[in-house]
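Here's the structure we're looking at; comments come further down.
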Amino acid sequence: MATNRKFKELIHRHRTHFLAHKTRPYSFRLNQLKNLLKLYEENNDLILSSLKNDMNKSKLEAYLYEVDFMKNDVRMAIKYLKNWMKETKLKMNLLMPMDDAGIVGEPEGVVLILSPWNYPFQLTLIPLCAAIASGNCVVIKPSEISPHSSKTIATLIPRYLDTDCYSVVEGGPDVVGALLEEKFDHIFYTGSFTVAREIHRMANKYLTKCTFELGGKSPVYLDSTVDVTMAAKRIMWGKCINVGQTCVAPDYVICTKSMETKFLTAAKLAMDEWYGPDWKKAEDLARIVNLRHFHRVKDLLLSGGEVGLGGKWDEEELWIEPSVVVNVKETDKIMTDEIFGPLLAIYNVESEDEAIEFINSRPSKPLCLYVFSASKATMKRFRDETQSGTMAFNDTIVQFAVDELPFGGIGESGHGYYHGKFGFDEFTHFKGIVYRDYSWIGDQVGIFRYPPYSALKIKILSFLLCHWKKFKFIYFDYFGEIFLFLAGFFVAWWVFQL
């Protein structure tokens with residue numbers, strides 16, 4: 001009860017400042033975003049050491065895929081914030097020639113961000129950046145599974161951001177449950193489908209808008225037209241980042257048996273080139289985050305098929321070797337459960353048609369789909385005949401680094417988008433507005449909307465409400481306004497004469 005009371009007071013404080021419009025001004029948002037950038041720049045080493053302590057992330061992975069990614073994200077928000085906040089002006093029809101319409105983005109209110117452990121800084125602070133840019137107050141709940149990162153976030157946020165509007169709450173599932181009892185205006189959750197379903201159930205109490213960034217099975221189609229050496233490097237690189245504890249990591253490869261043989265040879269050569277003969281000694285490979293996840297991934301490795309590459313583990317060091325599993329059946333656990341670890345299954349097909357049919361027949365739509373082919377026709381088929389949250393041709397994970405692309409899932413792999421402008425939009429309510437004119441002319445143009453109705457009035461209204469796209473020149477502001485004014489005046493005079 002004490003916890004619930006504490007959360008009520010916290011959320012009430014944030015909502016009070018939100019309703020006082022503290023977060024709305026451009027100057028406030030910009031200042032908070034600059035402070036967020038300063039947080040990254042002044043605490044680089046602390047962030048890297050937290051990631052090292054939580055899951056032995058290498059300096060390159062921790063910096064490029066977390067710190068540097070966050071810096072680029074907030075710099076984009078700072079650069080374009082004023083433009084994102086501008087009202088969008090719309091053109092009017094002939095019925096309202098003297099009037100204006102626009103779309104205004106307004107913040108939603110108090111936002112709850114529930115973040116995961118695998119990229120504990122990036123997947124917490126990039127949504128935070130978007131929520132700040134959109135003018136919201138935010139409560140952050142980092143994952144307790146990455147305790148060093150959670151503590152660092154809880155320590156740094158109050159030092160750099162306004163504590164009246166932004167706060168961090170630490171704890172486990174009981175804390176999440178207590179938070180979800182309270183009313184938020186938006187919940188942003190990154191994690192598993194099972195937990196998302198429970199969050200959605202609890203959010204329904206207030207019909208709270210939810211953004212879910214989930215996981216799922218991300219397939220790779222590999223055909224015979226590609227350079228298998230290049231393809232193997234790009235696929236294994238995507239699988240080995242954070243030892244597969246990445247929602248957009250390739251999950252299984254679909255290819256023919258002959259391509260499987262070539263892939264295994266090329267993958268072994270690439271792994272030995274990167275990590276030497278003993279991969280366990282490589283400093284560039286992370287570790288499984290905890291014992292529970294170690295046993296989960298180990299069980300998947302032993303759940304079906306045969307090990308074609310790798311297959312070793314060490315429980316004491318939470319080490320599971322990057323492994324490729326072959327001869328799997330579609331009902332094997334490794335093919336039905338999200339792997340979220342250093343395992344890559346290979347499922348054999350005989351043709352492109354069979355691969356597309358298999359992807360479309362799976363219970364959930366992929367978060368990501370990767371296609372390796374030199375054929376433009378093949379690329380087009382997979383683009384047009386499959387569904388996925390995102391897609392990349394001839395590489396893995398790289399779509400995540402393009403700031404202008406929306407990132408999000410579809411169906412059970414999530415809904416909602418963020419990154420860059422898409423993140424700003426996700427935390428924004430777009431309000432449509434009409435500004436009516438009080439002049440006599442404006443009123444006379446619309447006088448025939450009033451009863452008594454007639455067939456002639458129907459025709460006139462239909463004429464005035466249509467989209468005048470064929471008259472391109474009316475979309476230029478100056479000439480368009482003159483045209484609409486004269487047309488409206490003429491129609492009003494004509495109706496008045498009736």
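The values are calculated or read from the model by the stated rules, or taken from the named source; none is laboratory data. Quick caveat: nothing in here was measured; it's all calculated off a predicted structure. Positions of Cβ are generated from backbone atoms using ideal geometry, with glycine treated the same way; all protein chains shown enter the neighbour counts.
Residues to consider are Gly177, Gly191; find the one that is assigned by TED's automatic domain parsing to the domain that holds Ile11, surrounded by fewer than 20 Cβ atoms within 10 Å (Cβ to Cβ) and more than 30 Å from Leu30 (Cβ to Cβ). Write out each step before concluding.
Details: Gly191 fails: surrounded by fewer than 20 Cβ atoms within 10 Å (Cβ to Cβ).
Testing whether each residue is assigned by TED's automatic domain parsing to the domain that holds Ile11, surrounded by fewer than 20 Cβ atoms within 10 Å (Cβ to Cβ) and more than 30 Å from Leu30 (Cβ to Cβ) leaves just Gly177.
Name every residue in region 403-441 that is at pLDDT below 90 and either basic (Lys, Arg) or surrounded by 20 or more Cβ atoms within 10 Å (Cβ to Cβ) (or both), in order of residue number.
Across region 403-441, the qualifying residue is only Arg436.
So which residues in region 185-215 are within 12 Å of Leu112 (Cβ to Cβ), touching an Asp or Glu at 6+ places or on another chain (Cβ under 9 Å) and among the hydrophobic types (A, V, I, L, M, F, W, C), if there are any at all?
Of everything in region 185-215, those that are within 12 Å of Leu112 (Cβ to Cβ), touching an Asp or Glu at 6+ places or on another chain (Cβ under 9 Å) and among the hydrophobic types (A, V, I, L, M, F, W, C) turn out to be Phe188, Met202.
Kindly indicate whether any position in region 114-136 is within 28 Å of His200 (Cα to Cα), in contact with a Phe, Trp or Tyr (Cβ under 6 Å, 6 or more places away or on another chain) and assigned to a loop (DSSP other than H, G, I, E, B). If you could, list the steps in order and put the result at the bottom.
Here is the first cut: in region 114-136, the ones within 28 Å of His200 (Cα to Cα) are 114-136.
Next, from what is left, pick out any that are in contact with a Phe, Trp or Tyr (Cβ under 6 Å, 6 or more places away or on another chain): 114, 122, 127, 130-131, 133-134, 136.
Restricting the remaining residues to those that are assigned to a loop (DSSP other than H, G, I, E, B) gives 134, 136.
Yes, region 114-136 contains a residue that is within 28 Å of His200 (Cα to Cα), in contact with a Phe, Trp or Tyr (Cβ under 6 Å, 6 or more places away or on another chain) and assigned to a loop (DSSP other than H, G, I, E, B).
This table checks each residue for (1) touching an Asp or Glu at 6+ places or on another chain (Cβ under 9 Å); (2) among the hydrophobic types (A, V, I, L, M, F, W, C); (3) outside the structural domain of Gln245 (by TED's automatic domain parsing).
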position: Leu90; (1), (2), (3): yes, yes, yes
position: Asp99; (1), (2), (3): yes, no, yes
position: Gly105; (1), (2), (3): yes, no, yes
position: Leu125; (1), (2), (3): yes, yes, yes
position: Ser134; (1), (2), (3): yes, no, yes
position: Val138; (1), (2), (3): no, yes, yes
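Which one of the conditions (1) surrounded by 17 or more Cβ atoms within 10 Å (Cβ to Cβ); (2) free of Cβ contacts under 8 Å to residues at least 24 places away in the same chain; (3) of a type in the set (Val, Ile, Thr) does Val398 fail to meet, given that it meets all the rest?
(1)
Determine, yes or no, whether Asn93 is more than 26 Å from Ser143 (Cβ to Cβ), of a type in the set (S, T, N, Q) and at pLDDT below 95. Break it down stepwise before answering.
Details: more than 26 Å from Ser143 (Cβ to Cβ): yes; of a type in the set (S, T, N, Q): yes; at pLDDT below 95: yes.
Judged against the criteria, Asn93 is a match.
Which of the residues spanning region 374-394 are surrounded by 17 or more Cβ atoms within 10 Å (Cβ to Cβ) and of a type in the set (D, E, K, R)?
Arg381
Out of Ser224, Ser258, I need the residue that is assigned to a loop (DSSP other than H, G, I, E, B) and either of a type in the set (Gly, Ala, Ser) or modelled with pLDDT under 95 (or both). Which one?
Values: Ser258 fails: assigned to a loop (DSSP other than H, G, I, E, B).
Among Ser224, Ser258, only Ser224 is assigned to a loop (DSSP other than H, G, I, E, B) and either of a type in the set (Gly, Ala, Ser) or modelled with pLDDT under 95 (or both).
Just to be sure before I move on: is Gly311 part of a loop (DSSP other than H, G, I, E, B) and either closer than 30 Å to Phe407 by Cβ or without any contact (Cβ under 8 Å) to a residue 24 or more places away in the chain (or both) in the structure I sent? Lay out the reasoning, then the answer.
Working: part of a loop (DSSP other than H, G, I, E, B): yes; either closer than 30 Å to Phe407 by Cβ or without any contact (Cβ under 8 Å) to a residue 24 or more places away in the chain (or both): yes.
Yes, satisfied.
Here is a check on your reading of the model: is Ile153 assigned to a strand (DSSP E or B), in contact with a Pro (Cβ under 8 Å, 6 or more places away or on another chain) and at negative phi? Full working, then the answer.
Details: assigned to a strand (DSSP E or B): no; in contact with a Pro (Cβ under 8 Å, 6 or more places away or on another chain): yes; at negative phi: yes.
No, not satisfied.
How do the pairs read when you match residues in region 412-426 that are under 18 Å from Arg197 (Cα atoms) and not assigned by TED's automatic domain parsing to the domain that holds Lys79 with residues anywhere that are among the hydroxyl-bearing types (Ser, Thr, Tyr) and not in a loop (DSSP other than H, G, I, E, B), using Cβ under 6 Å and keeping only pairs 6 or more apart or on different chains?
Between residues of region 412-426 that are under 18 Å from Arg197 (Cα atoms) and not assigned by TED's automatic domain parsing to the domain that holds Lys79 and residues that are among the hydroxyl-bearing types (Ser, Thr, Tyr) and not in a loop (DSSP other than H, G, I, E, B), the close pairs are Gly416/Thr211.
Return yes or no: is Arg287 of a type in the set (Lys, Arg) and either over 28 Å from Gly191 (Cβ atoms) or part of a helix (DSSP H, G or I) (or both)? Walk me through how you get there before you give the answer.
Details: of a type in the set (Lys, Arg): yes; either over 28 Å from Gly191 (Cβ atoms) or part of a helix (DSSP H, G or I) (or both): no.
Here the answer is no, as Arg287 does not meet what is asked.
Please find, among Asn35, Asn56, the residue that is touching a residue at least 40 places away in the same chain (Cβ under 8 Å) and on the phi > 0 side of the Ramachandran plot.
Working: Asn35 fails: on the phi > 0 side of the Ramachandran plot.
It is Asn56.
Does Gly341 meet the test of being among the small types (Gly, Ala, Ser), farther than 27 Å from Ser413 by Cβ and either at pLDDT 95 or above or in a loop (DSSP other than H, G, I, E, B) (or both)?
Considered against the rule, which asks whether it is among the small types (Gly, Ala, Ser), farther than 27 Å from Ser413 by Cβ and either at pLDDT 95 or above or in a loop (DSSP other than H, G, I, E, B) (or both), Gly341 comes out as no.
Within region 391-402, can you find the residues that are polar (S, T, N, Q), under 20 Å from the mean Cα position of the chain (by Cα) and at pLDDT 95 or above?
Going through region 391-402, the residues polar (S, T, N, Q) turn out to be 394, 396, 399.
Keeping just the survivors that are under 20 Å from the mean Cα position of the chain (by Cα) gives 396, 399.
Across region 391-402, the qualifying residue is only Thr396.
Of the residues Glu41, Glu66, Glu61, which is surrounded by fewer than 19 Cβ atoms within 10 Å (Cβ to Cβ) and among the acidic types (Asp, Glu)? Spell out how you get there, then give the answer.
Values: Glu66 fails: surrounded by fewer than 19 Cβ atoms within 10 Å (Cβ to Cβ); Glu61 fails: surrounded by fewer than 19 Cβ atoms within 10 Å (Cβ to Cβ).
Just a single option satisfies the conditions, and that option is Glu41.
Under 6 Å by Cβ, and 6 or more places apart or on different chains, what pairs join a residue from region 137-156 that is surrounded by fewer than 18 Cβ atoms within 10 Å (Cβ to Cβ) with one that is in a helix (DSSP H, G or I) and acidic (Asp, Glu)?
So the pair list comes out as His148/Asp54.
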